[in-house]
Amino acid sequence: EGGGEGEAAAAEGGGAAPAACCALVADCKVSRGRCVVADAWEPLLAAAQGAAGYEAALFRWSESELGLPVWLPVHPLLYDQFSQGALRAADSYSSAAQREAVMPLATGNADALRRLTQVLVAAHTPADVERRCEAGLTALLGADLVGAHWERLTPQMRAWLARVTYFLPAVPWGREGWRETEAALASRTPDSGDAEMLRLELLCLELLAKARPLAALFDESSEEARKSSARNSVLPYQPHAPDSCPYPPKPSLTPRDPASHSALLLLLAPVLPSEVRAAFPQCLLLNGGGVTSEAREVCGSRIATRLLLQRSLPDANPRWVLVPAVYSRHLALAVLSRLGGPRSVVLRHPHGARFGAHGGGELAVAADELDDALRVVLASLGESAQLGGGGEGKGRSYGGAAPKRVEAALEAARLLPAGDSVGVLLAEELVPGTALPQDGKRGWFDPTMRGYFVARASAQGGGGGGG
């Protein structure tokens with residue numbers, strides 16, 4: 001259904017090419033025979049904190065199902081660092097014979113990151129290279145920023161990032177330290193030091209933010225995977241230079257057919273889809289515009305997603321209730337009755353697009369604490385909107401203070417962004433994890449499931465489906 005509506009919206013927007021491929025990631029839970037869709041995400045946003053193999057699965061899907069290589073552009077400065085890093089990684093080999101054997105890989109015409117990835121396999125790095133990398137990034141970018149990105153990397157990704165940064169010539173904690181060329185020294189000005197530090201910060205920030213997809217772009221785990229990912233690229237995105245695209249257009253290019261494109265373009269930055277299509281019509285943008293597409297905004301509305309599912313799947317109607325931002329002493333009882341008497345309830349912000357795929361915008365409480373939670377939450381909303389509360393403390397506007405544990409849970413849940421005010425909240429049954437013994441140890445079964453769905457527009461213009 002997203003395919004047909006997307007094409008109609010594109011036609012109304014001035015004749016731009018329709019969205020050729022709609023791809024969504026859905027988080028679901030099964031509750032008493034009903035599939036409750038918690039959220040739907042645009043693929044690039046879901047990658048922020050998805051499963052460890054999410055990016056690799058997305059890339060392999062593009063290579064195998066669509067037959068398209070992946071173009072994940074980086075800044076020209078970072079691309080140049082990758083190219084130089086490949087040479088320095090080749091120089092780290094212990095014997096002259098090894099260096100001579102890998103030098104063609106480091107100096108070839110392949111993508112810079114692919115050359116560095118190939119040479120990096122047996123390159124020599126110190127034993128504490130990962131510790132150096134984390135400490136250097138923390139000193140440069142700050143503990144909070146680095147900690148948030150570092151935690152979402154798997155141990156393999158951290159090791160990859162540390163080994164890559166070790167061979168980049170601009171990185172102070174790398175193999176060569178901070179060495180400037182004679183040309184750079186000759187052109188140095190009093191203000192150039194600040195400019196170089198700013199460039200280093202931007203370089204490391206981009207590398208840290210894109211570490212997950214970059215680490216999975218060139219798969220060296222098997223010969224088949226190596227051949228499949230060989231056509232991928234991280235060449236810089238330069239719309240003012242159409243010839244800079246590493247993928248020439250196919251003679252059979254058809255905007256409605258994803259497979260007729262030359263590459264899947266993944267831009268992790270706001271762009272105008274019309275400008276991208278004008279510069280590189282041979283490149284496919286998922287959902288018509290990636291992270292800036294209308295599909296992200298539509299799926300970001302949790303209410304709109306549930307209304308669509310209720311209309312499309314009436315037999316599997318998930319149980320959810322819209323809670324008005326006006327408290328009454330019978331409100332919690334009415335919500336529990338409408339949900340069928342659940343043991344636990346989750347209150348969710350109606351706009352999921354304001355939060356990342358790693359969570360946020362939801363508060364989980366037991367059924368017997370729902371009344372206290374509603375008093376605290378709705379009192380906060382009343383204070384934000386300057387309606388009923390008159391500056392009174394949390395939970396006191398509607399009769400007595402709430403338990404401290406409820407207020408602490410609300411503060412930790414990040415249910416409402418600072419200064420935000422909404423007219424309704426979404427209440428759903430919370431399906432808890434189940435304790436399962438396995439091999440003599442106690443484990444947990446998480447009922448949350450993540451599914452990946454792709455809908456392709458048919459040649460006749462209708463919305464075809466595949467998943």
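The values are calculated or read from the model by the stated rules, or taken from the named source; none is laboratory data. This is a predicted model, so every value here is computed, not measured. Every residue, glycine as well, gets a Cβ built from its backbone with ideal geometry; the counts of neighbours run over all protein chains shown. The protein model used for the area step is the full one, side chains on, heavy atoms only, and it has no ligands, DNA or RNA in it. Shrake-Rupley method; radii C 1.70, N 1.55, O 1.52, S 1.80 Å.
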In the set Leu308, Leu313, Leu347, Leu333, which member is out of contact with any Pro (no Cβ under 8 Å at 6 or more places or on another chain), modelled with pLDDT of 80 or more and open to solvent by 60 Å² or more (accessible area, probe 1.4 Å)?
Leu333
Residues that are at pLDDT below 85: list the helices (runs of 4 or more DSSP H) wholly contained in the stretch 27-103 that include at least 1 such residues.
43-46, 54-61
Restricting the stretch 246-267 to residues that are within 21 Å of Tyr79 (Cα to Cα) and crowded, with 17+ Cβ neighbours inside 10 Å, which is modelled with the lowest pLDDT?
Leu267
Can you find, within the stretch 216-234, the residue that is least open to solvent (accessible area, probe 1.4 Å) among those that are assigned to a loop (DSSP other than H, G, I, E, B) and aliphatic (A, V, I, L, M)?
Val234
(1) surrounded by 17 or more Cβ atoms within 10 Å (Cβ to Cβ); (2) out of contact with any Leu (no Cβ under 8 Å at 6 or more places or on another chain) all hold for Pro239 apart from (1)
Do the conditions hold for Glu383, that is, is it outside any loop (DSSP other than H, G, I, E, B) and modelled with pLDDT under 70?
yes
Could you check the stretch 115-170 and list, in sequence order, the residues that are among the β-branched types (Val, Ile, Thr) and either part of a helix (DSSP H, G or I) or touching a strand residue (DSSP E or B) at 6+ places or on another chain (Cβ under 8 Å) (or both)?
Thr117, Val119, Val129, Thr138, Val146, Val164, Thr165
Report the residue count in the stretch 115-166 for those that are surrounded by fewer than 15 Cβ atoms within 10 Å (Cβ to Cβ) and on the phi < 0 side of the Ramachandran plot.
17
Does Arg199 count as more than 29 Å from Gly147 (Cα to Cα) and charged (D, E, K, R)?
no
Scanning the stretch 268-299 residue by residue, the ones that are farther than 24 Å from Ser229 by Cα, buried (at least 20 other Cβ atoms within 10 Å of the Cβ) and modelled with pLDDT of 85 or more total 0
